[in-house]
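The values are calculated or read from the model by the stated rules, or taken from the named source; none is laboratory data. What you see is a predicted model, and the numbers here were worked out from it, not measured in a lab. Note that each Cβ is placed from the backbone with ideal geometry, even for glycine, and that neighbours are counted across all protein chains shown. Protein only, heavy atoms only, side chains kept; ligands, DNA and RNA dropped before computing areas. Shrake-Rupley method; radii C 1.70, N 1.55, O 1.52, S 1.80 Å.
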Amino acid sequence: INGEMPVVFSVSSVREIERAVGLAEEFKLKYMLSGAYQSYQLADYLKSKNATVLLTLSFPQKPAGLEDPEIEPLRALRDRADAPKAAANLYKAGVKFAFTSGTLARPSDYIANAARAIEAGLPKEEALKALTIYPAQIFGVSEQLGSIEKGKIANLIVTSGDLFARDTKVRH
């Protein structure tokens, strides 16, 4: 509350995002928005507020066991279709963001959903930065983490090809 550390608001919908920003402004808090898969609808607003977004790669899923697909609300269908666009919209608006695994049930979906964000318009280089450099910058540890440089801590992977390609395998 005294402004030394950011408050992280876990949000999903447009309404939750707007409420969190309003609350943070009212109490003069440093803040970050985590989740925020509907942020694609508010990219310019978030830029105007200088918001930082920890964007989930846990995209909305089709409900398991849905007997009749006709009864699924249009809003849920739209969220599922549009969630991968959030990263591109935030990037184009100039919003500071990093990817987070959020509530992913399967770790393999992390890279697969980053690839979906690329397919939805996010430049590949920005996707890689949202996985590496940007989180380190946001959390103030970029002098130690986030890029491959002498003196930094690094966890590396070796793949059979492009990290974001569907058929790429992690070798090491």
Item to check | Accessible area in the full protein assembly, largest first, 1.4 Å probe, for E125, E16, E72 | outcome: E125, E16, E72
Item to check | Relative contact order of the chain, defined on C-alpha pairs under 8 angstrom at six or more residues apart (%) | outcome: 17
Checklist entry - Which length gain, in nm to one decimal place, applies between S10 and L23 when the Cα-Cα distance is subtracted from 0.36 nm times their residue separation? => result 3.4 nm
Next on the checklist: Connecting C-alpha atoms closer than 10 Å in a GNM of the chain, tell me which of K124, K28, K49 has the biggest fluctuation.
Outcome noted: K28
Next on the checklist: Which one, L156, Y31, L54, projects farthest toward the positive side of the charge dipole computed for the chain from Cβ point charges (K/R +1, D/E -1)?
Outcome noted: L156
Next on the checklist: With a 1.4 Å probe and all protein chains left in place, how much of the accessible area of segment 1-86 comes from carbon and sulfur atoms, in whole percent?
Outcome noted: 51
Next on the checklist: Rounded, prolate or oblate, given the Cα gyration tensor of segment 71-125, with a/c below 1.5 counting as rounded?
Outcome noted: oblate
Checklist entry - Between segment 75-101 and segment 138-161, how many Å separate their Cα centres? => result 24
Checklist entry - In a Debye calculation with equal point scatterers on the alpha-carbon sites of the chain and no solvent, what is log10 I(q)/I(0) at q = 0.14 Å⁻¹? => result -0.80
Item to check | Probe 1.4 Å, accessible area per residue of segment 17-157, Å² | outcome: 58
Next on the checklist: With +1 on the Cβ of every Lys and Arg and -1 on the Cβ of every Asp and Glu, and nothing else charged, how large is the dipole of segment 41-172 about its Cα centre, in debye rounded to the nearest 20?
Outcome noted: 420
Checklist entry - Out of residues 5 or more away from Y31 or on other chains, whose amide H comes under 5 Å of its own, with H placed 1.01 Å from N in the peptide plane? => result V7
